[in-house]
1. Find the residue count for segment 27-61, including only residues that are assigned to a loop (DSSP other than H, G, I, E, B) and closer than 15 Å to Pro8 by Cβ.
2. Which condition from (1) farther than 19 Å from Tyr224 by Cβ; (2) surrounded by 13 or more Cβ atoms within 10 Å (Cβ to Cβ) is the one that Asn304 breaks?
3. Considering only segment 97-136, state which residues are over 20 Å from Asn57 (Cα atoms), of a type in the set (S, T, N, Q) and open to solvent by 40 Å² or more (accessible area, probe 1.4 Å).
4. For Lys252, work out the one condition from (1) under 22 Å from Met209 (Cβ atoms); (2) without any contact (Cβ under 8 Å) to a residue 40 or more places away in the chain it doesn't fulfil.
5. Examine segment 161-174 for a residue that is among the basic types (Lys, Arg), touching a helix residue (DSSP H, G or I) at 6+ places or on another chain (Cβ under 8 Å), open to solvent by less than 60 Å² (accessible area, probe 1.4 Å) and not in a loop (DSSP other than H, G, I, E, B), and state whether such a residue exists.
6. So the check is Cβ under 8 Å with 6+ separation or different chains; which pairs have a first residue in segment 7-26 that's among the polar types (S, T, N, Q) and a second one that's open to solvent by 50 Å² or more (accessible area, probe 1.4 Å)?
7. Restricting to segment 354-374, count the residues that are open to solvent by 80 Å² or more (accessible area, probe 1.4 Å) and in a helix (DSSP H, G or I).
8. Looking at Glu157 and the list (1) open to solvent by 40 Å² or more (accessible area, probe 1.4 Å); (2) under 20 Å from Trp182 (Cα atoms); (3) at pLDDT 75 or above; (4) not in a helix (DSSP H, G or I), which single condition is not satisfied?
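The values are calculated or read from the model by the stated rules, or taken from the named source; none is laboratory data. These numbers were taken from a predicted model, which means no experiment stands behind them. Positions of Cβ are generated from backbone atoms using ideal geometry, with glycine treated the same way; all protein chains shown enter the neighbour counts. To get the accessible areas, we keep the full protein, side chains included, count just its heavy atoms, and leave off ligands, DNA and RNA. Shrake-Rupley method; radii C 1.70, N 1.55, O 1.52, S 1.80 Å.
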Amino acid sequence: MVGGKAKPDLSKQWYVYFYFRDPITGKMGRQPFKTYRNINQGKTIKERKAIARAWVNTITGILEDGFNPYDEDSARVVARKRTDMTPSIRQAFTEALEHKKATLKPNTYKSYWHYLNPFLEWIKRMGIGGNPIESFTQRHAIAYMNYLADPKPYGKELHPNSVSNHKGNLSAIFSKVVQDRWADRNFFVDIQTKKVKPRKNQPFTKEEMEAIQAYTKEFDPLLYNFLRFIFYSFMRNREILSVQVKHIDMKKRTVAIETKADKISHILMIEPMYQFLEDLGVGDLPDHYHIFTPSGKPGHWPTNPRDKVNFFAKRFRAVRDHLGIDPEKTTYSFRHNAALDLFQSMIEDGMPEREVVARLMKITRHRSEEALRKYLRDIGGVLPEDWSATYRTNF
């Protein structure tokens, strides 16, 4: 149970408490066993409740494992002081994430769990999950990273970048373990992992674009329209799949999206994008409808963003593999082609280069002219010389 008044009061000290039957008298103890640890570090009611719930889970697990607060040696916990309980490795990691939950966006929290679960499975197989957190060392952290990288069947044989992602996420979680003083330092920070630098900004060739368009238009119209929307809007997959009718202003020709920095940004519609939305009849649809759903028509799609992105990514990978296109070219490459297309089209229309850059910045969302110019040089430098800006009218 969580100690405190029925109505939460931040001016009071919060604690988690439980009662235990005295093994000698057989009677329920009159005084509760309490722990205040970390709970009152929460600055809001939501934060304190999250930390307190995590401690409730911890204490419940310890009791279920046979912990006896009247036994000094029970479960390696200094419980006779009735102020503290040392968690196991498993508990320390899971509680650290729960403590962070109040300050994380829901998708970030889910992402952390995505990386934490394989680690929890590994420590269980190694037989160390129930050991006190103090016994966790850098050797264990390194062993897990090696396991992720080692070839099958002895390891997971993950790509170096994936191993690095696992390390980064576990490091973020373990930083909370250190902050809670269950460990002296973050063992994951100093581990060297090999990270392969991806080939950035890889647009499609003219032949690849034409092949993708023709194939998806005939065999996967849903994906075809999704790729068209990327091409027209310069939006990221996650942003597109979060768009609802209420975010679209056909009069102002803008689409409101939430950026990575949790700010609202407004995307300017170019004519093909405006026509695409006009053809969907968004003006007559309910505000909560999403533009893209598995049915191929606007509707309500409450699935979490990660699964939505994976849904379309899987479809595109199948097309890319079927056509034999470089696996490093993703749906993101359509943005590169669109940027080149738009840039060259404006230049060919006689618009001054500086004005073209100024207009493109509003569409591509680059923060400076220098950044946009560098981006255009990067993607323009990998295209064949006979590439021409012909896609917008065809897509």
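1. 3
2. If we test Asn304 against (1) farther than 19 Å from Tyr224 by Cβ; (2) surrounded by 13 or more Cβ atoms within 10 Å (Cβ to Cβ), just (2) comes out false.
3. Of everything in segment 97-136, those that are over 20 Å from Asn57 (Cα atoms), of a type in the set (S, T, N, Q) and open to solvent by 40 Å² or more (accessible area, probe 1.4 Å) turn out to be Asn107, Thr108, Ser135.
4. (1)
5. Of the residues in segment 161-174, the ones among the basic types (Lys, Arg) are 167.
Filter once more, keeping what is touching a helix residue (DSSP H, G or I) at 6+ places or on another chain (Cβ under 8 Å): 167.
Among the residues that remain, those that are also open to solvent by less than 60 Å² (accessible area, probe 1.4 Å) are: 167.
Within this subset, residues satisfying the condition of being not in a loop (DSSP other than H, G, I, E, B) are 167.
Yes, segment 161-174 contains at least one residue that is among the basic types (Lys, Arg), touching a helix residue (DSSP H, G or I) at 6+ places or on another chain (Cβ under 8 Å), open to solvent by less than 60 Å² (accessible area, probe 1.4 Å) and not in a loop (DSSP other than H, G, I, E, B).
6. Pairs that qualify, where the first residue is among the polar types (S, T, N, Q) and the partner is open to solvent by 50 Å² or more (accessible area, probe 1.4 Å), are Gln13/Tyr36.
7. 5
8. Checking Glu157 against (1) open to solvent by 40 Å² or more (accessible area, probe 1.4 Å); (2) under 20 Å from Trp182 (Cα atoms); (3) at pLDDT 75 or above; (4) not in a helix (DSSP H, G or I), the one that fails is (2).
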